[in-house]
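Following: one structure in structure tokens, then a few remarks.
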Amino acid sequence: MSVGADPTAVVAALSRRVAQRLFRGLTLLCTLVMSVSTEAAEFALDASHTSVHFAASHNGISLVRGRFAKLRGSVQYDPDAKTGAMLVSVQTGSIDTGNSAMDNVLRSDQFLDADRYAEVHFTSERFVFDDGRLIAIEGKLALHGVERPVRLTVQRFVCKEVPFGIVRQYVCGGDFQAVLKRSDFGMTRFLPEVGDEVDLSISGEAVRQ
């Protein structure tokens, strides 16, 4: 402070500096709070209550059904912002139709080629809402070395608190379905005896962390 300076002016200048610093601090705090509040919550996939099934026509008479026994995934979901992200991966070698001979054929290079393509991945790109309700998840399916767009239609979707012993956890889950053509992914063996269209069903639960 210079000699002879007006004390009133000095106090006013200090007050302005304090106010400016306080404003910057509050702005930063608000920004941090907003970024935390709008970030989608992380969910852990409950593998014991999650399954991936498929079905394909056999000679136009019956459906061959099966599942993938080994899977993993991750989920993020924010119903207020209407955003989310989902990754589901299955091990092709874990395919199970209840018929070991058929499973070996499906694992071979005639179909999944499990030795070369160990996993199938679905990666979401957009959660689709209608009137606040989740109706579909759009993304890419990487199968047999080919990636194609796939839309999973929501058959049922619920989020609620569920008791786990003495604690309660927030769980989201439901059923999702899609129809794809295996020929789009380079799998044409035994067409048309084994149908080209494959019904894909994912049912699962995820626990908020």
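Read-outs throughout are calculated quantities, based only on the coordinates presented, and are distinct from any laboratory measurement. Everything quoted here is computed from the prediction, not taken from an experiment. For neighbour counting, all protein chains shown are included, and Cβ atoms are generated from backbone atoms with ideal geometry for every residue, glycine included.
When the chain is fully extended, how far beyond the present Cα-Cα distance does Thr97 get from Glu197, taking 0.36 nm per residue of separation?
34.3 nm
Going 7 Å from the Cα of Asp46 toward and past its Cβ, which residues in region 59-83 have a backbone nitrogen under 17 Å from where you end up?
Only 71-77 pass the distance filter.
Which whole-angstrom value gives the distance between the alpha carbon centres of region 53-77 and region 145-209?
Here the answer is 8 Å between Cα centres.
Indicate the gyration tensor shape class of region 38-208 (rounded, prolate or oblate), computed on the Cα atoms with a ≥ b ≥ c the square roots of the eigenvalues: a/c under 1.5 is rounded; otherwise a/b larger than b/c is prolate and the rest oblate.
Because a/c hits 1.5 or more and a/b exceeds b/c, region 38-208 counts as prolate.
Straight-line reach only, C-alpha to C-alpha below 24 angstrom: list the lysines that Lys181 could link to, leaving out same-chain residues fewer than 8 apart.
Filter leaves Lys70, Lys140.
Please give the FRET efficiency for Leu63 paired with Ile166, using the beta carbon to beta carbon distance and R0 = 41 Å, rounded to the nearest 0.05.
E(calc), rounded to 0.05, equals 0.40.
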